[in-house]
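This report concerns only the one structure given below.
The values are calculated or read from the model by the stated rules, or taken from the named source; none is laboratory data. Predicted, not measured: the structure shown is a model, and the values here were computed from it. Note: ideal-geometry Cβ built from the backbone for every residue, glycine included; neighbour counts use all protein chains shown.
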There are 2 protein chains.
Amino acid sequence: MRATLLYGAGDVRVENVPDPVLKHSTDALVRITASCVCGSDVWPYGSMNPGDGPARMGHEFIGVVEDTGSEVTTVHKGDLVVAPFAISDNTCEFCRAGLHTSCSHPQAGFWDGEPDEGGQAEAIRVPLADGTLVKLPVAADSALIPSLLTLSDVLGTGYHAAVAGGVDERTRVTVIGDGAVGLLAVLSAKRLGAEQIILMGRHQARTDLGREFGATDVVSARGDEGIAQVRELTAGHGTHVVLEAVGNMPAYQQAVGILRPGGVISRVGVPQYEEAPIGFGSLFRHNLRLAGGPAPVRAYIEELMPAILDGTIEPGKVFDVTTNLDGVAAGYQDMADRTSLKVLINP
Amino acid sequence: MRATLLYGAGDVRVENVPDPVLKHSTDALVRITASCVCGSDVWPYGSMNPGDGPARMGHEFIGVVEDTGSEVTTVHKGDLVVAPFAISDNTCEFCRAGLHTSCSHPQAGFWDGEPDEGGQAEAIRVPLADGTLVKLPVAADSALIPSLLTLSDVLGTGYHAAVAGGVDERTRVTVIGDGAVGLLAVLSAKRLGAEQIILMGRHQARTDLGREFGATDVVSARGDEGIAQVRELTAGHGTHVVLEAVGNMPAYQQAVGILRPGGVISRVGVPQYEEAPIGFGSLFRHNLRLAGGPAPVRAYIEELMPAILDGTIEPGKVFDVTTNLDGVAAGYQDMADRTSLKVLINP
């Protein structure tokens, strides 16, 4: 079958690889019908050392179950399913607490930790299929597929940012980042009733979509000027919550600058730094808090799917390009250049 | 009157200074009857540059109101009162939200920011007296004075750690630090019903008091060995909450190491660092959270005082030495040497 491999920075190739096969009695084989490129794929695309490659790519997909191991009971051949970006058993104490990205099962983990599998491909072996896969009540060619595909990562990640940040109807929120996760963090804050949602981003097509998703204000300035504008919009105090959907140090510093005393920075952009200021002069003085991490999107699928099925939310609007595997390399480059917001792949 | 001044590292002097006078119509003058030395006083005692001194010291006190400005209505001449370590109006939106240490009044702030006032003295001018002072329903020579004095800082700070960490009856807690704040964090976690309370400390007299306050386990090892022992006590997973009552980098690193996925580090020890690891390899991977800051102890006084008055809790047990102003310099040294846990001053 054909699959996407990253050989190094700027070097994406689609190649023939061995077809996946069942390895464990808890596996399922899935023929992929829809996949996509993630903002987090763009980090290694920009920086990966060729010595670290090639790596199989993709961790968001919908597909049809082709075969299952003997212990799999919740999905069957022919079912259309969606998979979160993390493999989990959905039964351990962490999964039961809604923290599937810390599942304690030995086979649990991120797709990126599965060297022979990836979602930007024609098929995939899914470990812990009962825990990981969720059946979709539509056909593979449904018009809802783009929105349902966001359940695999970006919608659940934006929603996790808002949930981990404690957003409710008494909350003023700033969202940093107008990528797909940032825009769906806006949608999520709106869904949770936030009183004010300030979107910080500078690409008008994206911030326009952010307004459609619920942003009440847009600030295109960054750094000190951006901080000043957010403070101006919030009686000088900043917002109760900042949803940080970028992951670099300038975004973190901006978050600290626009947070209200006692507020919380909820991070879902994978940090591209390890050390950061958290002492008296940054977080401590005003009881600023820090939350977030890899989203346990599996925990949110059942909660969010009905709103997609009944048309209440249309998170699939974040896909502005659709291609097939032949167009994946160009899709990476377009996302790196920010000419595409998010690329949908029909293998 | 006599007051305590810090001239530089290791150089505490008690000197004659001008008597305090009312400056604003919202001030009160208080004759101090009980005060103490704080763990946070020991940091500058260990490191202050003589060029930065002399500084008036002390931010925890009980005293008798001697005079009030014309606008003061809640306390009167002759009242015995306790003051929190932060001055606040108790009416702004941050105070109403229980975050008195971020009070927006221009005269609000820490005692350490009042150059001509300090609690380790015979008298003090209290700004925003209505917001800052709380009347005590006992006499100045009551046996409850040591416990009531902890309402000014260490009890409220330990309690804030536990509240900000979200401690409840489903929580396993580790407390790092066997100083007065750490021990009262233990007492607070117990009061909030924590299922398990592991105290990390190596001074047996202190950890014995910690057990009396509610610690279920004591770990004297530090660093990797300490982390391993806490994990052993918690089925390998670590605790849901770490109350960090020290403030240095080894304590922070230890906190990260013993935290359960999804858990929270609640810091109340003033950080002696600004940058620290918070990226994928430390906090982010397992959705570890960070909370805490200067405790809004004013918010907790009414809640905690009844338990002191009826003898349910005896936080005053953290005082192991009582002295007068002549003994303050020795008290600083004893606390720095850790031969005293906390020094009470009857001026």
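Structure data summary
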read-out: Strands (runs of 3 or more DSSP E) enclosed by region A:244-304 - at least 3 residues per element that are in contact (Cβ under 8 Å) with a residue 12 or more places away in the chain; value: A:259-267, A:289-292
read-out: Selection status of B:Glu212, in contact with a strand residue (DSSP E or B) (Cβ under 9 Å, 6 or more places away or on another chain) and surrounded by fewer than 16 Cβ atoms within 10 Å (Cβ to Cβ); value: no
read-out: Test: residue in region A:153-172 that is among the acidic types (Asp, Glu) and touching a Pro at 6+ places or on another chain (Cβ under 9 Å); value: yes
read-out: Residues satisfying the stated conditions in region B:72-83, i.e. in contact with a strand residue (DSSP E or B) (Cβ under 8 Å, 6 or more places away or on another chain) and either of a type in the set (Lys, Arg) or on the phi < 0 side of the Ramachandran plot (or both); value: B:Val72, B:Thr74, B:Val75, B:His76, B:Lys77, B:Asp79, B:Leu80, B:Val81, B:Val82, B:Ala83
read-out: Selection within region B:228-243 - free of Cβ contacts under 8 Å to residues at least 60 places away in the same chain, in contact with a strand residue (DSSP E or B) (Cβ under 9 Å, 6 or more places away or on another chain) and hydrophobic (A, V, I, L, M, F, W, C); value: B:Val230, B:Leu233
read-out: Matching residues, region B:144-194, being under 14 Å from the mean Cα position of the chain (by Cα) and on the phi > 0 side of the Ramachandran plot; value: B:Gly177
read-out: Whichever residue in region A:306-318 is of a type in the set (Gly, Ala, Ser) and in contact (Cβ under 8 Å) with a residue 24 or more places away in the chain and, among such residues, is nearest to the other protein chains (Cβ to nearest Cβ); value: A:Ala307
read-out: Residue count for region A:207-221, restricted to those that are closer than 26 Å to A:Gly156 by Cα and part of a loop (DSSP other than H, G, I, E, B); value: 4
read-out: Tally, over region B:257-305, of residues that are among the basic types (Lys, Arg), facing another protein chain (nearest Cβ under 7 Å) and under 19 Å from A:Ala97 (Cβ atoms); value: 2
read-out: Filter result for the condition that a residue is in a loop (DSSP other than H, G, I, E, B), surrounded by 20 or more Cβ atoms within 10 Å (Cβ to Cβ) and at pLDDT 95 or above, over B:Gly58, B:Gly78; value: B:Gly58
read-out: Criterion: surrounded by fewer than 24 Cβ atoms within 10 Å (Cβ to Cβ) and of a type in the set (Gly, Ala, Ser) - qualifying residue of A:Gly257, A:Gly293, A:Gly269; value: A:Gly257
read-out: Residue list for region B:61-73, filter: crowded, with 16+ Cβ neighbours inside 10 Å and outside any strand (DSSP E or B); value: B:Gly69, B:Val72
read-out: Members of region A:97-132 found to be hydrophobic (A, V, I, L, M, F, W, C), crowded, with 18+ Cβ neighbours inside 10 Å, in contact (Cβ under 8 Å) with a residue 40 or more places away in the chain and at negative phi, listed by number; value: A:Leu99, A:Trp111, A:Ala121, A:Ala123, A:Ile124, A:Val126, A:Ala129
read-out: Residue, farthest from A:Glu212 (Cα to Cα), within region A:137-192, restricted to residues that are outside any strand (DSSP E or B) and basic (Lys, Arg); value: A:Arg170
